[in-house]
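Trainee: Mind having a look at this structure? Questions to follow.
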Amino acid sequence: MQTSERPDTPCIAVCSTGMGDDICKGCQRTMLEVAHWVMLSEEKKERIWLRLEQYWADQGKTPPWLKRGK
């Protein structure tokens, strides 16, 4: 995926980490990734983006952040 297609964050505003989940049911980031996203280096964010994009591809689904506003 082109990085230009990515929003600032994979968050889709249905975070379940605040309810005790270790992995967000909305974007699939870990609780720590969600909590520290704004402080992460671009390199760390890129690794997370790549992992998330692979996760959604493996599921045969469109990443949820690409569905926002549709």
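The values are calculated or read from the model by the stated rules, or taken from the named source; none is laboratory data. Note that the structure is predicted; figures quoted are calculated from it, not measured. Side chains are part of the model used for accessible areas, which takes the heavy atoms of the whole protein and leaves out ligands, DNA and RNA. Shrake-Rupley method; radii C 1.70, N 1.55, O 1.52, S 1.80 Å.
Trainee: Please compute the length gained on full extension between MET31 and MET19, using 0.36 nm multiplied by the number of residues separating them and subtracting their Cα-Cα distance.
Mentor: Working it through step by step, the gained length comes to 3.3 nm.
Trainee: Also, quick follow-up: If you roll a 1.4 Å probe over the chain with all protein chains in place, what percent of the accessible area is carbon or sulfur?
Mentor: 54
Trainee: Next up: With P(r) over Cα pairs in 10 Å bins from 0, in percent in mind, check (1) 21, 41, 25, 12, 2; (2) 18, 51, 29, 2; (3) 19, 56, 24, 0 and report the label derived from this structure.
Mentor: It is the one labelled (3).
Trainee: Karplus couplings for segment 45-59 from phi (6.51 cos²θ - 1.76 cosθ + 1.60, θ = phi - 60°), rounded to Hz, Gly and Pro as x?
Mentor: Using θ = phi - 60°, the values come out as 4, 4, 4, 5, 4, 4, 5, 5, 4, 5, 4, 5, 5, 4, 7 Hz.
Trainee: Moving on. With a 1.4 Å probe and every protein chain left in place, work out the accessible area per residue of the chain in Å², rounded to a whole number.
Mentor: Ligands and nucleic acids excluded, the figure is 69 Å² per residue.
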